[in-house]
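One structure is given below, encoded as structure tokens.
The values are calculated or read from the model by the stated rules, or taken from the named source; none is laboratory data. The shown structure was predicted, so the numbers you read here are calculated from the model rather than taken from an experiment. Reconstructed Cβ throughout: ideal geometry from the backbone, glycine too, with neighbour counts over all protein chains shown. These accessible areas exclude ligands, DNA and RNA; they are computed on the full protein's heavy atoms, side chains included. Shrake-Rupley method; radii C 1.70, N 1.55, O 1.52, S 1.80 Å.
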Amino acid sequence: MATANKNLSNYDKNTIPNAKDFRFGIVVSEWNDKVTEGLYSGAEAALLDCGALESNLVRWNVPGSFELIYGAKKMIETQNVDVVIVIGCVIKGETMHFEFVCEGVTQGIKDLNVQTDVPVIFCLLTDNNEQQSIDRSGGVHGNKGTEAAIAAIKMADLRKKA
């Protein structure tokens with residue numbers, strides 16, 4: 001497994017641009033909220049730690065991971081954000097639903113990155129079981145939300161400089 005020996009929460013603030021001038025959109029799925037709230041907490045803490053102002057964090061909730069695409073699109077259109085982080089969790093079950101949702105969200109977020117000028121950061125856990133998701137949302141493997149926040153800062157800075 002790719003994250004077996006890597007804590008996703010480790011970052012060096014000296015290598016990350018100051019986030020104080022950026023406005024962050026964060027769209028969070030309510031499905032598997034035990035996990036998505038952990039991911040959000042990691043993202044929020046990292047953004048604030050890197051200088052983001054609490055008033056520049058815009059959070060919207062959507063019902064499930066598939067709705068992250070629409071939420072991100074509307075956030076880009078209406079909230080004057082520099083970057084959007086989408087946070088969701090899909091846990092494999094006994095049907096093909098897992099594959100359809102994962103593929104749809106992946107392609108939808110890719111499309112937003114191609115079609116708009118605002119980076120959309122993909123923080124969608126796609127695990128085989130709940131424990132794997134817990135391990136990556138503040139558990140033994142750190143927090144993928146933290147990693148997404150660091151990527152968001154870097155991409156907002158790239159957007160500003162480009």
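When Asn14 is tested against (1) open to solvent by less than 70 Å² (accessible area, probe 1.4 Å); (2) outside any loop (DSSP other than H, G, I, E, B), exactly one condition is not met: (1).
Answer yes or no: is there a residue in the range 70-84 that is under 11 Å from the mean Cα position of the chain (by Cα) and within 22 Å of Lys161 (Cβ to Cβ). Within the range 70-84, one or more residues are under 11 Å from the mean Cα position of the chain (by Cα) and within 22 Å of Lys161 (Cβ to Cβ). Residues in the range 22-62 that are among the hydrophobic types (A, V, I, L, M, F, W, C) and either open to solvent by 70 Å² or more (accessible area, probe 1.4 Å) or modelled with pLDDT under 95 (or both): Trp31, Leu53, Trp60. Only one of the numbered conditions (1) farther than 19 Å from Val35 by Cβ; (2) open to solvent by less than 50 Å² (accessible area, probe 1.4 Å) is not met by Thr95, and that is (2).
Which of the residues belonging to the range 119-159 are in contact with an Asp or Glu (Cβ under 7 Å, 6 or more places away or on another chain) and farther than 30 Å from Gly93 by Cα? Ala156, Arg159 - these are the residues of the range 119-159 that are in contact with an Asp or Glu (Cβ under 7 Å, 6 or more places away or on another chain) and farther than 30 Å from Gly93 by Cα. For the range 123-154, a tally of residues being among the aliphatic types (A, V, I, L, M), outside any strand (DSSP E or B) and more than 14 Å from Cys50 (Cα to Cα) returns 2. Among all positions in the range 77-89, there is at least one residue which is open to solvent by 10 Å² or more (accessible area, probe 1.4 Å), at pLDDT 95 or above and not in a loop (DSSP other than H, G, I, E, B).
Filtering the range 126-138 to residues that are surrounded by fewer than 20 Cβ atoms within 10 Å (Cβ to Cβ), touching a helix residue (DSSP H, G or I) at 6+ places or on another chain (Cβ under 8 Å) and of a type outside the set (Ser, Thr, Tyr) leaves Asp127, Glu130, Ile134.
Among the criteria (1) open to solvent by 70 Å² or more (accessible area, probe 1.4 Å); (2) part of a helix (DSSP H, G or I), the one Ile109 does not fulfil is (1).
Entry remark, the range 152-162: residues being in contact (Cβ under 8 Å) with a residue 60 or more places away in the chain and either open to solvent by 80 Å² or more (accessible area, probe 1.4 Å) or of a type in the set (A, V, I, L, M) (or both) number 6 in total.
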